[in-house]
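The values are calculated or read from the model by the stated rules, or taken from the named source; none is laboratory data. This is a predicted model, so every value here is computed, not measured. All Cβ positions, even for glycine, are placed from backbone atoms using ideal geometry, and neighbour counts span all protein chains on display.
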Amino acid sequence: MREAGGVSPSASGAAVGRRIGIGLMYGLWKPRVLGAWRVPAAGPVIMAVNHSHNVDGPMLMGTAPRPVHFLIKKEAFVGPLDPFLRGIGQLKVDRSGPDRTAITGALEILEHGGVLGIFPEGTRGEGDFASLRAGLAYFAVRSGAPIVPVAVLGSAERRSRAIRALPPLRSRVDVVFGDPFEAGDGSGRRTRTALDQATVRIQERLAAHLADARRLTGRHGVIPGETPRTPRDFE
C-alpha cells in the first residue's frame, strides 16, 4: 500500500499508533466509550467522525477497537510530525484538489480489510456534520465498505487552564460509535448523481447519530416527542 510521498500506510504502523493513542488519551483525559461493539471486528470499515477539536482524531485512535488510518491534511505533516504520522500509518492528503495518491492509498487500506478514518466535514468546525464533502460517499460506494458513524463529544466544550489549546486534563470526553450502514443504493453505480444521493443518505445518518449521541451522553437536551436512548443501549 502506498501513501503520499511513497511511504506505505502499514497495518502494523496503525497498530502502534493505536497503542500510543490509548496511552495518551486515557492518561490525559477520561474517555467514556459507548457502542464500540458495533464496529465490525474484521473487514473494511470507514469511520466517519465529527470534528470540532484537534484532539478528536487521536481520541478516536485511542478508543476505537481497531487500528485506524486517518486521512490527514498535509499541513499537519511538518517537522518531526511528518515521519511520526507516516510511521503510524496515517495518510497525507492535499485538500486543494483531487489527491490521487491519497485516494489510491485510502482505497488500498479498505481493499486490505483495514479501517479508514475520515472527517467528512473536511475541516474543524461546529462538529455537527452540517456540511459534508463528497469524498466519504466516493470511498464508501467505490469500496463497498460500511460506514460507522462516530461522535466525539466534550473535546471542545472547555479549554484547559494549563494548555489553552487542549480540553481540561482529566476531563471526560465521550466517544459514541453508531450502527454501521451502507452508503450506496445497492446498484453499484458511481455516477455523480449516485454519489450526490449517497452523500444525502450519509448526512442524514450521521446527523441522526450525532443527535442520538448527544441525548444519551447528556450533552444535549432531549427532543420533545422522542424517546431518549440510554448509555445501556450502547454497552
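Checking the structure you have, find out if any residue of the stretch 144-161 is among the acidic types (Asp, Glu), out of contact with any helix residue (DSSP H, G or I) (no Cβ under 6 Å at 6 or more places or on another chain) and modelled with pLDDT of 90 or more.
No - not one qualifying residue is present in the stretch 144-161.
Evaluating THR217 against the criteria (1) surrounded by 17 or more Cβ atoms within 10 Å (Cβ to Cβ); (2) modelled with pLDDT under 90; (3) hydroxyl-bearing (Ser, Thr, Tyr) leaves one unmet condition, (2).
Within the stretch 175-197, does at least one residue satisfy the condition of being aromatic (Phe, Trp, Tyr) and either out of contact with any Gly (no Cβ under 7 Å at 6 or more places or on another chain) or modelled with pLDDT under 90 (or both)? Yes, there is a match, as at least one residue in the stretch 175-197 is aromatic (Phe, Trp, Tyr) and either out of contact with any Gly (no Cβ under 7 Å at 6 or more places or on another chain) or modelled with pLDDT under 90 (or both).
Within the stretch 26-54, can you find the residues that are under 15 Å from the mean Cα position of the chain (by Cα) and on the phi > 0 side of the Ramachandran plot? Within the stretch 26-54, just GLY35 meets the criteria. Which residue is modelled with the lowest pLDDT, if the candidates are limited to the stretch 29-48 and must be outside any strand (DSSP E or B) and surrounded by 21 or more Cβ atoms within 10 Å (Cβ to Cβ)? Among those residues, the one meeting the criterion is TRP29. In the stretch 64-120, counting only strands (runs of 3 or more DSSP E) that sit wholly within it, the ones holding 1 or more residues that are touching a residue at least 40 places away in the same chain (Cβ under 8 Å) and in contact with a His (Cβ under 7 Å, 6 or more places away or on another chain) span 91-93, 115-118.
One residue alone among GLU126, GLU226, GLU235 is at pLDDT below 90, among the acidic types (Asp, Glu) and in contact with a Leu (Cβ under 8 Å, 6 or more places away or on another chain), and that residue is GLU235. With respect to (1) touching a Lys or Arg at 6+ places or on another chain (Cβ under 8 Å); (2) modelled with pLDDT of 95 or more; (3) not aromatic (Phe, Trp, Tyr), the lone exception for GLY117 is condition (1).
Checked against the criteria, ASP94 counts as in contact with a helix residue (DSSP H, G or I) (Cβ under 6 Å, 6 or more places away or on another chain) and acidic (Asp, Glu). Among the conditions (1) surrounded by fewer than 21 Cβ atoms within 10 Å (Cβ to Cβ); (2) part of a loop (DSSP other than H, G, I, E, B), HIS51 misses just one, which is (1).
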